[in-house]
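The structure appears right after this line, and notes come after that.
The values are calculated or read from the model by the stated rules, or taken from the named source; none is laboratory data. Note that the structure is predicted; figures quoted are calculated from it, not measured. Here Cβ is always computed from backbone atoms with ideal geometry, including for glycine, and neighbour counts include all displayed protein chains. The protein model used for the area step is the full one, side chains on, heavy atoms only, and it has no ligands, DNA or RNA in it. Shrake-Rupley method; radii C 1.70, N 1.55, O 1.52, S 1.80 Å.
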Amino acid sequence: MSADFLYGIEVVINGLMAGVMYALVALGFVLIFKASGIFNFAQGVMALFAALTLVGIMEGQIPFAHLINATFGTEIHHFGWHVPALLAIAMTVGVMVLFAWAVQRFLFRHLVGQEPIILFMATIGLAYFLEGVGDLMWGSDIKTLALGLPQGGARWIEDATAGLGGDDFYGFFIDKLDIVATGVAIVLVTGLILFSQYTKHGRAMRAVADDHQAALSVGISLNFIWILVWSLAGFVALVAGIMWGAKSGVQFSLSLIALKALPVLMLGGFTSIPGAIVGGLIIGVGEKLFEYLIGPMVGGATENWFAYVLALLFLVFRPQGLFGEKIIERV
Amino acid sequence: MLYREAGDFKTSYVADSQTFPIAFDRYRYWVVLAVAFLVVPFFITDYTANALLLPFLIYSIAAIGLNILTGYAGQVSLGTGGFMAVGAYACYKLMTAFPDVNILIHVILAGGITAAVGTAFGLPSLRIKGFYLAVATLAAQFFLVWLFNKVSWFYNYSASGQINAPERTVLGVAVTGPNTPAWASYLVCLVFVTACALIARNLTRGALGRQWMAIRDMDIAAEIIGVNPLKAKLTAFAVSSFFVGISGALFFAVYLGAVEVGEAFGINKSFLVLFMIIIGGLGSIFGAFAGAAFLVCLPVVLKLIGVDLLGWPTDLVAHFQLVIVGLLIMFFLVKEPHGLAQLWRLAKEKLRLWPFPH
Amino acid sequence: MKDMTESYVTEDGRTIGDVMLDLRNITLRFGGVEAIKDISFDIREGEIRAIIGPNGAGKSSMLNVISGFYIPQEGEVWFHGRKRPQMKPYQVARQGIARTFQNIALFEGMTVLDNIMTGRLNYTKSGMLAQAIWKGKAEREETENREKVERVIDFLEIQAIRKTPVGRLPYGLKKRVELARALAADPKLLLLDEPMAGMNVEEKEDMSRFILDVNDEFGTTIALIEHDMGVVMDLSDRVVVMDYGKKIGDGTPDDVRNNQAVIDAYLGVAHDD
Ligand SMILES: Nc1ncnc2c1ncn2[C@@H]1O[C@H](COP(=O)(O)OP(=O)(O)O)[C@@H](O)[C@H]1O
Ligand SMILES: [Mg+2]
């Protein structure tokens, strides 16, 4: 096998792993969209906020320290303790549940029955708000997330594959973190599917997604379900935030992963979990391959737009996405 | 009564459909125009021009443009930044390729080029709707910014990758470049704003505007009663992009003078203009002005209060600004989807009856 | 029974002319559901043609076929003696077919006046530039359209709500505004989908009077779907009866009233299909 071809394969493998990460974020969107018809633009900022909160709690940061210092001329920063990772994760989940409740109580309860596009714009507002609050609470400097996740190239894969393509090929370079992320994503998706299939609340959630009216008539509290899905989405955001945060630090750019997840959704359909996964993989592989093959000819950095243009072209031919339900219009 | 409608009867349909059917509004409109054209230029300073007036005027044009697309025709676009970039780069290429042609013509042509690009990116709107379309417009945003970044022809192969506006004059006075007096750049922008607002007003109160609104409110019914959706949507994209392109051209040539595309026309610009029309009022020309004024003033006021008065560090104030803008967006969408324009209308209704509330 | 191939004059003195719209063997399916099964009937110039039948019979679908919104899998639509090629709904509208909808489809964000003005869009010829400067042809057309619309407003007695946003109107008035929008288009053929559904007796009487007047004064051909049999019998010249997508009766109100299949359908006799 030629080295070029093998490097192409490496690109595909890395694309698949990036795709898993995109799918992870897209999953949060799908959860909320299915249950409430809200296209939550704030999902990316939720990942950022969750990661910020996790780091803040672990490091014993004092919330709003910056603001307090500026107002009262104090010099406080830390409580002086460190919280163990698992406990901190549990506390962060608590914060995300609180956030879910607040979003429901103060925003979407007042927007019931509004057009989807209004809800969408409201979540853009929510994204700004949450970003500001995150910055105020924990500061906007770049933070490292020290959860002890493995990082760097996986040596054993490199060694095992080095001989495949002659002297020019040094073996596949695959980041250990990506392997972990893939594992986590698989566990998370399996967990979500099990939850929605085999638990009472999970079934209620699906009932709401299928038919609001019917769900109401059998006594399912919409309010509760919506808080539940926003909490779940918050949890998914936390997981995504941990993975991306471990990879490139917890900073503003983390919230931009939402922008990566949008084309994934357009491709996979907003209502389908398998769609989010397949869409994620297609886009992950597609953009890496495109950058590898075409990128050098046009100046590179095509990842910025490739996913969008792909999704756009695709949608023009199949407006409901790969797995979405066909939209039937009536008068 | 401060504000009168009574006794102002219409005797013809022409009078009834004019821009300001109520005489009082008409007078106020002329007064505002007179002050803007005849008084402000004598008092303008570099600071007021650069911090407030120029951005206000230029964003107003962009907001009018986006409001036509989103507020009137119901097609949400997140590509405004990218289209402003098209206007800016088109203007730059024209300015440098045809230095002898008047800059005002270049700005208009830049608007025309942007209209063409916008129409092309509007084509998918025939198949995809709502937030699918909103997300699809992000394709325009990212692709265009990337294009102007990577293809050096667009910035005339300059080493910095920036574009710089050379000096151009109108009637012998510099309106672009470092030697431009504040009043000159102000007047150029003012002329464009006035013309754009008039055109937008005429289009939205006439047949085309009704097609747009019909598509916005119920696209299927609109088509069945005789609106060609292709034409309605594409004209909305074209007209909207024309204004956005003009605003991008002015933003570059008259206001900033030098531009790096990712910084000046990134996705945040798209959101900023969208926020202007949400806060100002969807589907209202006045709302576009109100929203632009509000979001141009907000950072200035916050800085005044936060940094100068309370002595806070600037980044803290910036964070607060995010929180406030986010809250305002949510507030207006929940409480007053017609934005400041509607609040203003309600205030006028109160005034009209005052002091006899019933 | 009257000869249905020649034009004739009704008892109240209106002239019914040639066939205007001829539907031939229309079949319409949604996936596996056959909403319309091989239905043929015609509508003649100047007449009021009712379509009746139980819910889900396929009546609205039929109007949608006429409007060009649904494309039937089989069958032909003939209009003014010519086979209609496949066209978009807005092109159908331009041929002079206007309509109202079962679930009111007004433009909620616009005023009553603007809603009705949308009925005149097919008469606007001025280009975008002319409209942008609001001079010449654009201004003239706007005034002409406004005059026409004001006549419709007077006719339907809705002067007082001209400037009201339609979102704020009660149901009955919305139905009337929707009729006004259709009338503003000066249609040759007017399709009304349950124009009186959900109205009280008084409102129904008003609406009936308007429909008769439109037909009488402007000679507009009307096809209407209605459930109130009394109204149907009073208004219509001929009636088509549909049930489960099939045509089970067609003729004068008296013919239909005495038709056994129709009586069965309305009394809910078990079907044998
Ligand atoms: N857009 C559509 N998609 C799927 N089924 C439809 C659609 N429109 C109508 N139908 C079906 O066609 C049948 C006839 O409906 P309709 O024409 O609305 O009946 P009617 O107006 O006589 O009450 C119904 O079974 C309805 O569910
Ligand atoms: Mg019906």
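Quick notes on this structure:
- Cα gyration tensor shape for chain B, rounded if a/c is under 1.5, else prolate or oblate: rounded
- Averaging the Cα positions of each part gives two centres, and for region B:266-316 and region A:170-237 these lie 37 Å apart.
- Förster-model FRET efficiency, 56 Å R0, B:ALA258 and C:ASP18, C-beta, rounded to 0.05: 0.15
- Chain A: most fluctuating residue of A:GLY279, A:GLY153, A:GLY219 per GNM, C-alpha cutoff 10 Å: A:GLY219
- Sorting the segments C:110-117, A:81-88 by their mean number of nearby beta carbons within 10 angstrom, highest to lowest, gives C:110-117, A:81-88.
- Modelled spin-label separation between C:GLN95 and B:LEU309, with each label point placed 7 Å from Cα along the Cα-to-Cβ direction: 6.8 nm.
- Shape of chain A, Cα gyration tensor, a/c cut at 1.5: oblate
- Cleavage-rule hits, trypsin sites (Lys or Arg not before Pro), region A:257-331, DSSP coil, Cβ neighbours within 10 Å at most 14: A:LYS326, A:ARG330
- DSSP loop GluC sites (Glu not before Pro) with at most 16 other Cβ within 10 Å excluded, longest remaining stretch of chain A: A:76-324
- When both region B:83-125 and region A:1-49 are represented by their alpha-carbon centers, they are found 36 Å apart.
- Derived scalar couplings between HN and Hα for region A:124-133 equal 5, x, 4, 4, 4, 4, 5, 4, x, 5 Hz in order, rounded to whole Hz, by the Karplus curve 6.51 cos²θ - 1.76 cosθ + 1.60 (θ = phi - 60°), x for Gly and Pro.
- Within region C:227-259: backbone nitrogen closer than 16 Å to the C:THR10 label point (7 Å, Cα to C-beta): C:230-240, C:251-256
- Once exposed loop trypsin sites (Lys or Arg not before Pro) are cut out (DSSP; at most 14 other Cβ, 10 Å), longest piece of chain B: B:128-358
- Mean sequence separation of contacting Cα pairs (under 8 Å, at least six apart), scaled by the length of chain A, corresponds to a relative contact order of 34 percent.
- Residue-averaged beta-carbon neighbours from other chains (10 angstrom radius) around C:132-145: 4
- B:ASN179 versus C:ILE71: modelled label distance in nm, points set 7 Å from Cα along the beta carbon direction: 6.4 nm
- Normalised by 2.2 N^0.38 Å, where N is the number of residues, the alpha-carbon radius of gyration of the protein assembly as shown equals 1.06.
- A simple spin-label model places the labels of A:PHE106 and B:SER152 5.1 nm from each other, with each point 7 Å out along Cα-to-Cβ.
- Overall, the accessible surface of the protein assembly as shown at a probe of 1.4 angstrom is composed of carbon and sulfur to the extent of 62 percent.
- Applying 1/(1 + (r/R0)^6) with R0 = 41 Å to the Cβ-Cβ distance of B:ASN50 and A:THR71 gives a FRET efficiency near 0.85.
- For the pair B:LYS348 and B:ALA116, the difference between a 0.36 nm per residue extended length and the Cα-Cα distance amounts to 79.6 nm.
- Total buried accessible area between C and B, probe 1.4 Å, nearest 100: 2900 Å².
- For region A:96-152, applying the loop criterion from DSSP together with a ceiling of 13 other beta carbons within 10 Å to the chymotrypsin sites (Phe, Trp or Tyr not before Pro) yields no site.
- Under a Gaussian network description of chain B, with springs only between Cα atoms under 10 Å, the residue in B:VAL35, B:VAL325, B:VAL188 that fluctuates furthest is B:VAL35.
- Chain B: relative contact order as a whole-number percent, Cα under 8 Å and 6+ apart: 29 percent
- Taking A:VAL93, A:VAL218, A:VAL30 in turn, the Gaussian network model of chain A (Cα-Cα springs below 10 Å) assigns the largest fluctuation to A:VAL218.
- DSSP loop GluC sites (Glu not before Pro) with at most 15 other Cβ within 10 Å: longest gap in chain C: C:12-156
- The helix-only estimate of mean residue ellipticity at 222 nm for chain B, built from DSSP H runs of length n ≥ 4 each weighted as -39500 (n - 2.57), is -21000 deg cm²/dmol after division by the residue total.
- Too-long pairs where the Cα-Cα distance tops 31 Å, listed order kept, from B:LYS335/C:LYS174; C:LYS175/C:LYS247; C:LYS125/C:LYS175; B:LYS335/C:LYS204; B:LYS233/B:LYS269; B:LYS231/C:LYS163: B:LYS335/C:LYS204
- Look at the dipole of chain A built from charges on Cβ: of A:GLY73, A:LEU16, A:SER231, the Cα furthest out on the positive end belongs to A:SER231.
- Whole-angstrom gap from region B:147-195 to region B:220-254, using each part's C-alpha centre: 25 Å
- Chain B and chain A together bury an accessible surface of about 4300 square angstrom, both sides counted, with a 1.4 Å probe and no ligands or nucleic acids included.
- Exercise: per-residue mean of other protein chain Cβ atoms within 10 Å, C:117-128: 5
- Cα gyration tensor shape for region C:1-83, rounded if a/c is under 1.5, else prolate or oblate: prolate
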